[in-house]
Structure formats: C-alpha cells, structure tokens
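The next block holds one structure in the form of structure tokens; read it before the comments.
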Amino acid sequence: MATRWMRGLLERIGREPDQNNLQKAFFDRYTGRTLLVHDGLPQGWLGKLVHEPGGGGHFRIDVSGPAFRPGTPIRRLYPVQWLVREHILPLGLPRPVLVKVEDRDHLRARHLRRHGGVCDPAEVGMILEDMTERPHALLYPEEGGFSVDWVLDPEDNLVDTPYGLI
C-alpha cells in the first residue's frame, strides 16, 4: 500500500522533462515521417485516404484527447504529444494539419482545409508535395522549442501543380 502511495506522490512532484530531450526524442522517432493532426475527420474520409498512394503512412494524432488539454502536466506527455500541444496547436491553423518532418532541422506545417471544408483525400498527396515549397509555417528547432517562419497566409491553400495553382 505504501509503495503505490509513494509512486503516486513521486509522479505528482516529479520534475518536468527537459524540453531539449523531448525535442530530441521527437526527431529520433519521427524524422522522415508525416503527422496528420486532427480533432475528428469527416465520416469515411480516413478510409478514402488510406486507399490513396502513401495515404496510410501518416501518423494520425487526434487532439481531442486529454493529453492535449492545457492542464495535463508535460511530464506525462510523449514527445509527439508535447510537440503537437506546445508548438503545432498554438499556430492556430485550421485542422486537420499535415506536419512534414523531413529532417532534424525543420518541420513544415500546412492545413488541409479547402473549398469550405476538409480537402478531398485525393488532394493530400498534391498538398504534401506542394508543402516542400509552400508550407503555411516552417518550424525551426531552437533551445527547448521551435521558432516559426510563416510562408503562406493561413487563408491561402491553393496547390501549385504543373497546370498552375488550383
């Protein structure tokens, strides 16, 4: 009984993790991957996305869970939860947001809202490709966090194709 009580006490008074360690752990796990940050998707949307080329390869992060509420202590968060809660959600981009982790030196973020709603799953590949040149935000790692450079206005979600902007 005392052991369980002691563990609970230690968990409550435990130190917050070092932000640099969270950042390093995030990059160790997710470099070269993409995150799909959402708070619910339209019925059948995800099923259609999975059938698109590369559509099943995104890590889906549902931010409606308790880990993304401000009251949750950082020491209870996984590195990806820390990144999303502390750095992606504060950008204020409409959700869903696609986050491309190309390398350890930056992240690219772009929302998937087009034409008054969530884009068609068939457009995600084009948007992902267009993010290389035209993300909404670039996040550069710095001591314990990220600095943000805005590239596109959040209202602009045209996609550059060989046929022009659509």
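The values are calculated or read from the model by the stated rules, or taken from the named source; none is laboratory data. Since this is a predicted model, take the numbers as computed values, not measurements. Here the Cβ positions follow ideal geometry from the backbone for every residue, glycine too, while neighbour counts run over all protein chains shown. Surface areas here come from the heavy atoms of the whole protein model, side chains and all, with no ligands, DNA or RNA. Shrake-Rupley method; radii C 1.70, N 1.55, O 1.52, S 1.80 Å.
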Seminar exercise, completed: With Cα coordinates, the longest principal axis of the chain makes an angle with the long axis of helix 2-13, in degrees rounded to 10, of 50
Problem set entry | For GLU102, distant residues with modelled amide H under 5 Å away | GLY32, ARG108
Seminar exercise, completed: Rounded to the nearest 0.05, FRET efficiency between LYS48 and ARG4 (Cβ-Cβ, R0 35 Å) equals 0.15
Problem set entry | Per residue solvent-accessible surface (Å²) - the range 1-155, probe of 1.4 Å | 56
For this session: Give, in nm to one decimal, the length gained when the segment between ASN21 and SER147 is fully stretched (0.36 nm per residue of separation minus the Cα-Cα distance).
Result: 43.7 nm
For this session: Can you tell me the relative contact order of the chain? Whole percent, Cα pairs under 8 Å, sequence separation 6 or more.
Result: 23
Exercise. To the nearest 10 degrees, how steeply does helix 19-30 sit against the main Cα axis of the chain, on a 0 to 90 scale?
Worked result: 50
Problem set entry | For volume of the Cα convex hull per residue in Å³, calculated from these coordinates, the label among (1) 118; (2) 135; (3) 150 | (2)
Exercise. Percent antiparallel among DSSP beta bridges with both residues in the chain, to the nearest 5?
Worked result: 85
Exercise. With r defined as the distance between the Cβ atoms of ASP103 and ARG60 and R0 fixed at 22 Å, what FRET efficiency is calculated, to the nearest 0.05?
Worked result: 0.50
